[in-house]
Amino acid sequence: MLSTHLDDAVLSCGNFLYTHPSTTVMTILAGAPDALHDGYNSRTTGKPYAPDAIGVRRDEDLNALDFLNATPAWLDLLDVDYAAYRPSTDYGDSIQNEISRRLDEIRPMSVFAPLGLIHADHLAVSEACFRLAVNSPFTWYVYLDLPYGLGNRRALSRRIAAVRRYFQLVDLDSFDGDPEIKQRAMSFYRSQYATTRHNHRKAFDATMRGGERYWRMEPLP
């Protein structure tokens, strides 16, 4: 399973992960520059040195995934908070190449990727995955980015329509689980929980109750 940031897979797919133990969760944008940085990650973790801030977030992710019996894999690519430290080349290419390299190493039976909503990082990872899914040896699925997908129905409809220009999306049954499981898993992300809920209160609370959504990607006929 591919996660854009260090909490996205659990927020969007925590119930699925709990019922599918031993899943590897590869977080794409889990790196940090060697710099002091006054940005989102430092503000939410209280750590001005970027590697320390991401260290806090990786520790949270490790604890949450351990609770769900999943295995973390962290790539050292930078999220948009550290955009000033990215190389001047197209970062989407770097994301695609690194995902491809790691998938070739892991050789999973199937890959779950974010649909890609609202946030520039989510869209960049999603687009990289869609390019890789063409003629891929793996079975690809996409999941709804939560809580964003519950808070902006118009953006969701537009995104699904855009993806269906290139792939069939076979809508799978909504995946519900024990709300206490996702609540417990998310509680490990102490630096992110309150901020995310504050920014998306209604959608966040709905996310905690369940309603994970998935599609299988198939080539167009």
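No value in this document is a laboratory result; all are computed from the given coordinates. Just so we're clear, the structure is a prediction, and the values are computed from it rather than from any experiment. For neighbour counting, all protein chains shown are included, and Cβ atoms are generated from backbone atoms with ideal geometry for every residue, glycine included.
Worth pointing out:
- Qualifying residue in the range 80-93 (condition: polar (S, T, N, Q) and surrounded by 14 or more Cβ atoms within 10 Å (Cβ to Cβ)): no
- Annotation: of all residues in the range 149-164 being among the basic types (K, R) and not in a loop (DSSP other than H, G, I, E, B), the one that is nearest to I99 (Cα to Cα) is R159.
- Of all positions in the range 174-196, at least one carries a residue that is part of a helix (DSSP H, G or I), touching a residue at least 40 places away in the same chain (Cβ under 8 Å), surrounded by 14 or more Cβ atoms within 10 Å (Cβ to Cβ) and among the polar types (S, T, N, Q).
- Enumeration of residues in the range 104-124 that are surrounded by 15 or more Cβ atoms within 10 Å (Cβ to Cβ), hydrophobic (A, V, I, L, M, F, W, C) and either touching a Leu at 6+ places or on another chain (Cβ under 7 Å) or not in a helix (DSSP H, G or I) (or both): V111, F112, A113, L115, L117, I118
- Look at (1) over 24 Å from Q168 (Cα atoms); (2) out of contact with any strand residue (DSSP E or B) (no Cβ under 8 Å at 6 or more places or on another chain); (3) in contact (Cβ under 8 Å) with a residue 60 or more places away in the chain and you find that H119 fails only one, number (1).
- Annotation: L146 fulfils all but one of (1) touching a residue at least 24 places away in the same chain (Cβ under 8 Å); (2) part of a helix (DSSP H, G or I); the unmet one is (2).
- Taken together, the criteria exclude D61 from residues that are closer than 18 Å to S3 by Cβ and either in contact with a helix residue (DSSP H, G or I) (Cβ under 6 Å, 6 or more places away or on another chain) or of a type in the set (S, T, N, Q) (or both).
- Checking the range 131-143 against the condition returns a match, with at least one residue being part of a helix (DSSP H, G or I), in contact (Cβ under 8 Å) with a residue 24 or more places away in the chain, over 21 Å from N199 (Cα atoms) and not hydrophobic (A, V, I, L, M, F, W, C).
- Residues of the range 13-30 classified as at negative phi and out of contact with any helix residue (DSSP H, G or I) (no Cβ under 8 Å at 6 or more places or on another chain), total: 5
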